[in-house]
Amino acid sequence: MAQINPSILSADFARLAEEAEAVRGADWLHVDVMDNHFVPNLTLGVPIVESLARATDIPLDCHLMIEQPDRWAPQFVEAGAGSVTFHAEAAAAPVRLAREIRAKGARASMALKPATPIEPYEDLLPELDMVLIMTVEPGFGGQAFLDIMLPKIRRTRQLIDKHGLDLWLQVDGGVSAATIERCAEAGADVFVAGSAVYGAADPAEAVRALRAQAAAATAGAPWACAH
Ligand code: DX5
Ligand code: ZN
């Protein structure tokens, strides 16, 4: 089943609990953590994740666009995140970090910026619950989808299938009604959408419509029935 994770980066930060309520029915709430070092933008940290986790039943999918994720990621699990994504480019010891995230009780996920290939990480995939293929340069919402990432999504899906892994494949950046089908056809099954959801008149309806579009695009694909 296709999962839709609205990104609160496009929400009103002064009303986060209500903005979570506005996307009731979403699979996860995507929380973009930026430190102004790994990316040229600054957003939020552990205390806000802690408060948000108490304020909503929707599980939190924390995307850490920060330096030193080895040091910080475990604190996001303790704060209540159900899934924590660190960037391959920033992690000092990705295997140790993924194991620590899992041991603390969250799903472990690794993200790749557009210029980072998946192939060097093939042997690490069994340590992960999700891989995030960025379809924009990380840092800001509302950027244009990078079509040139579609081959990497396809290659990642092939690696997952080759090893028979129960691994989710997430895409993030510029995902909308205009691009979600291409992502789904390439093999993605978890879709982050910021502006496409919170920019819509009815965000909860936008979630349902995106999910239906992705599901229709992958009807019959073997990975689409896995969860
Ligand atoms: C960008 C963030 C995304 C962002 C997506 O660096 O990781 O999660 O919120 O926003 P849209 O869907 O508007 O591209
Ligand atoms: Zn993100």
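List of remarks:
- Residues in the stretch 162-177 that are small (G, A, S) and touching a residue at least 12 places away in the same chain (Cβ under 8 Å): G173, G174, S176, A177.
- Looking across the stretch 147-161 at every residue that is without any contact (Cβ under 8 Å) to a residue 60 or more places away in the chain and open to solvent by 40 Å² or more (accessible area, probe 1.4 Å), the one that is nearest to ligand 1 (Cβ to nearest atom) is identified as D147.
- Lone qualifier among A111, A144 - being open to solvent by 60 Å² or more (accessible area, probe 1.4 Å), small (G, A, S) and modelled with pLDDT of 95 or more: A144
- Of all the residues in the stretch 107-154, those that are of a type in the set (G, A, S) and over 14 Å from the mean Cα position of the chain (by Cα) number 3.
- Selection status of K104, open to solvent by less than 40 Å² (accessible area, probe 1.4 Å), among the charged types (D, E, K, R) and in contact with a Pro (Cβ under 8 Å, 6 or more places away or on another chain): no
- Residues satisfying the stated conditions in the stretch 197-227, i.e. open to solvent by 60 Å² or more (accessible area, probe 1.4 Å), among the charged types (D, E, K, R) and in a helix (DSSP H, G or I): E205, R208
Yes/no matrix, rows are residues, columns are (1) within 16 Å of ligand 1 (Cβ to nearest atom); (2) in contact (Cβ under 8 Å) with a residue 60 or more places away in the chain; (3) farther than 20 Å from G139 by Cβ; (4) open to solvent by less than 20 Å² (accessible area, probe 1.4 Å):
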site	(1), (2), (3), (4)
P6	yes, yes, no, yes
S10	yes, yes, no, no
R15	no, no, yes, no
V33	yes, no, no, yes
S51	no, no, yes, no
H63	yes, yes, no, yes
F76	yes, no, no, yes
S83	yes, no, yes, yes
A92	no, no, yes, no
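- Residues of the stretch 65-74 satisfying the condition of being part of a helix (DSSP H, G or I), touching a helix residue (DSSP H, G or I) at 6+ places or on another chain (Cβ under 9 Å) and either without any contact (Cβ under 8 Å) to a residue 12 or more places away in the chain or surrounded by fewer than 24 Cβ atoms within 10 Å (Cβ to Cβ) (or both): D70, W72, P74
- Test for V192: is it in contact (Cβ under 8 Å) with a residue 24 or more places away in the chain, assigned to a loop (DSSP other than H, G, I, E, B) and either open to solvent by 10 Å² or more (accessible area, probe 1.4 Å) or not small (G, A, S) (or both): no
- Any pair with Cβ under 7 angstrom, 6 or more apart, that starts in the stretch 119-131 at a residue that is touching a residue at least 60 places away in the same chain (Cβ under 8 Å) and ends at one that is among the basic types (K, R): M130/R107
- Filter result (within 20 Å of V136 (Cβ to Cβ) and touching a Phe, Trp or Tyr at 6+ places or on another chain (Cβ under 9 Å)) within the stretch 94-124: S109, M110, A111, L112
The values are calculated or read from the model by the stated rules, or taken from the named source; none is laboratory data. Owing to the predicted nature of the structure, the values given are computational and were not obtained by experimental measurement. Here the Cβ is made from the backbone with ideal geometry for all residues, glycine too, and neighbour counts use every protein chain on show. All accessible areas refer to the heavy atoms of the entire protein, side chains included, with ligands and DNA or RNA removed. Shrake-Rupley method; radii C 1.70, N 1.55, O 1.52, S 1.80 Å.
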